[in-house]
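Asker: For reference, the structure I am asking about is given below.
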Amino acid sequence: MSEKEDLAKQKAEAAARAKAVALARKQAKAEVAEKPEVDMDIAKQKAAAAAKAKAASLARKQAKEEAAEKPEGEMDIAKQKAAAAAKAKAAALAKKQAKEEEAAEKPEGEMDIAKQKAAAAAKAKAAALAKKQAKEAAEKPEGEMDIAKQKAAAAAKAKAAALARKQAKEEAGEKPEGEMDAAKQKAAAAAKAKAAALARKQAKEEAAEKPEVDMDIAKQKAAAAAKAKAAAAAKAKAAAAAKNRTAAQESEEADTPSEISPNQSKLDQIVSAIESHVGQGALLENYINRLSKDVPTLVANPDTYFSIAKFLRYDEQLDFSYLSELHGTDFESHMEIYVHLHSFKMNQSVALKVKLDRDTPVIPSLVPLWSGANWPECEAYDLLGINFYEHPDLKRILLGEDWKGYPLRKDYEPYDVEV
């Protein structure tokens, strides 16, 4: 048999097959149009079975004809080609039927599983793409790597957001309201977890890429923050301790024993003299200080502090001519000046106190009354920042004039931490 005859035969066979397939399709459509919806699935199955049977019989017939006309060498090749073609057709038909059957017969539960599998496959593809992009970015120079990382991160975020929105829409269309809330919560939690993981990863990469100079600056900032926290904690502790001390002192001073102090009569004499000459509201309070050898203690109003001191100094009966002590104290709620005076004429000591505003501690100087107040007032100015106006030469005597802050204040922090 010549090559032309073989080619003609093959064309005829192909035409016959095409006619058979077209006839089978036409018959199937006609049967579907005539039958009701209930019989549609059965008709499809019968039509498919009939098509398979016709195709198989046609293939067998052609194989026999070819086997009768062709020699043995060509018969083996023809059989192999026919078998391969038959397998391919059967596989394609089986796939098509499987898809149709799954779409028609699968319940909603199996459809969700199929969607989940499809979503998992999409995620796997996205992960593979991300890995590929990461490898390509690793080959780029440093300048391009940052830009590539940013683009990759932005693309990954966009894809993840789009996929999340798509899944949310699909789930929202299929799930009832009760399940939708739970699904939204799960999706939000998953998104947060992904964002946190991405942030940690980026922080590690940035830390690994930062030069030494940036690392030193970051360490310095961390050290400064730690110092600030420690200072704040120390302030809080100091404030609490000061409050406790003040409360304890006030309670101890308020507790008056049943036995009258031997200096009570002298205190009454001094108070009476001050109220007569200076005024009734000149003293805020007065008491016997049991913790300091029963010394009579006078608490002056800041406005009458100098007037009371002047009266104690120059009154002929009192004559407190000797100033033995003057110092300041920071109680955190206020500043306080303590002055200890002695009268050789009365053979009696007295303490004069005055409370000052902590933010603006200003009080008249006692140097015009007692020259011995000169250096103690300079010391209180130097270490606590209390300003004594009308002092003849108020200056720092322990620290330099350029020193920052006042070391005896409870909230003092060194200007230079290393000193």
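Asker: Being among the hydrophobic types (A, V, I, L, M, F, W, C) and either in a strand (DSSP E or B) or within 22 Å of residue 243 (Cα to Cα) (or both) is the requirement here; does residue 318 meet it? Lay out the reasoning, then the answer.
Answerer: Details: among the hydrophobic types (A, V, I, L, M, F, W, C): yes; either in a strand (DSSP E or B) or within 22 Å of residue 243 (Cα to Cα) (or both): no.
In short, no.
Asker: Tell me which of these residue 332 doesn't satisfy, since it passes every other one: (1) part of a strand (DSSP E or B); (2) in contact with a helix residue (DSSP H, G or I) (Cβ under 6 Å, 6 or more places away or on another chain).
Answerer: For residue 332, the exception is condition (1).
Asker: Where the second residue is of a type in the set (D, E, K, R) and the first is closer than 14 Å to residue 363 by Cβ and lies in the range 320-336, which pairs have Cβ atoms under 6 Å and are six or more apart or on separate chains?
Answerer: That search, which allows pairs on different chains as well, returns 329/336; 334/355; 334/358; 335/358; 336/355.
Asker: For the range 295-315, give me each residue that is more than 11 Å from residue 350 (Cα to Cα), in contact with a helix residue (DSSP H, G or I) (Cβ under 9 Å, 6 or more places away or on another chain) and either open to solvent by less than 10 Å² (accessible area, probe 1.4 Å) or charged (D, E, K, R) (or both).
Answerer: Once the filter is applied, which keeps residues that are more than 11 Å from residue 350 (Cα to Cα), in contact with a helix residue (DSSP H, G or I) (Cβ under 9 Å, 6 or more places away or on another chain) and either open to solvent by less than 10 Å² (accessible area, probe 1.4 Å) or charged (D, E, K, R) (or both), the range 295-315 yields 300, 308, 315.
Asker: Just checking, does the range 25-34 include any residue being closer than 18 Å to residue 88 by Cα, modelled with pLDDT of 70 or more and in a helix (DSSP H, G or I)? Can you show your working first?
Answerer: In the first step, residues of the range 25-34 are kept if they are closer than 18 Å to residue 88 by Cα; the result is none.
No.
Asker: Any residue in the range 275-294 that is open to solvent by 40 Å² or more (accessible area, probe 1.4 Å) sitting within a Cβ distance under 9 Å of a residue that is at pLDDT below 90 and β-branched (Val, Ile, Thr)? List the pairs, counting only those 6 or more apart or interchain.
Answerer: That search, which allows pairs on different chains as well, returns 290/256.
Asker: Given the structure, is residue 214 at pLDDT below 70 and either within 30 Å of residue 410 (Cβ to Cβ) or open to solvent by 80 Å² or more (accessible area, probe 1.4 Å) (or both)? Steps first, please.
Answerer: Values: at pLDDT below 70: yes; either within 30 Å of residue 410 (Cβ to Cβ) or open to solvent by 80 Å² or more (accessible area, probe 1.4 Å) (or both): no.
Spelling it out, it is not the case that residue 214 is at pLDDT below 70 and either within 30 Å of residue 410 (Cβ to Cβ) or open to solvent by 80 Å² or more (accessible area, probe 1.4 Å) (or both).
Asker: What number of residues in the range 333-355 are within 21 Å of residue 283 (Cβ to Cβ) and open to solvent by 10 Å² or more (accessible area, probe 1.4 Å)?
Answerer: Residues in the range 333-355 being within 21 Å of residue 283 (Cβ to Cβ) and open to solvent by 10 Å² or more (accessible area, probe 1.4 Å): 11 in total.
Asker: Of the conditions (1) open to solvent by 30 Å² or more (accessible area, probe 1.4 Å); (2) of a type in the set (A, V, I, L, M, F, W, C); (3) under 30 Å from residue 411 (Cβ atoms), residue 326 clears all except one; give me its number.
Answerer: The single condition residue 326 does not satisfy is (1).
Asker: Could I ask something else about it? Mind checking which residues of the range 356-381 are open to solvent by 50 Å² or more (accessible area, probe 1.4 Å), farther than 23 Å from residue 411 by Cβ and among the hydroxyl-bearing types (Ser, Thr, Tyr)?
Answerer: The answer is 371, and nothing else.
Asker: Check 384, 394, 408 and return the single one that is open to solvent by less than 80 Å² (accessible area, probe 1.4 Å) and under 45 Å from the mean Cα position of the chain (by Cα).
Answerer: Only one candidate qualifies: 384.
The values are calculated or read from the model by the stated rules, or taken from the named source; none is laboratory data. Computed from a predicted structure; not experimentally measured. As a convention, Cβ positions derive from the backbone with ideal geometry for all residues, glycine included, and neighbour counts pool all protein chains shown. We work out accessible area using only protein heavy atoms, side chains counted, and drop any ligands, DNA or RNA first. Shrake-Rupley method; radii C 1.70, N 1.55, O 1.52, S 1.80 Å.
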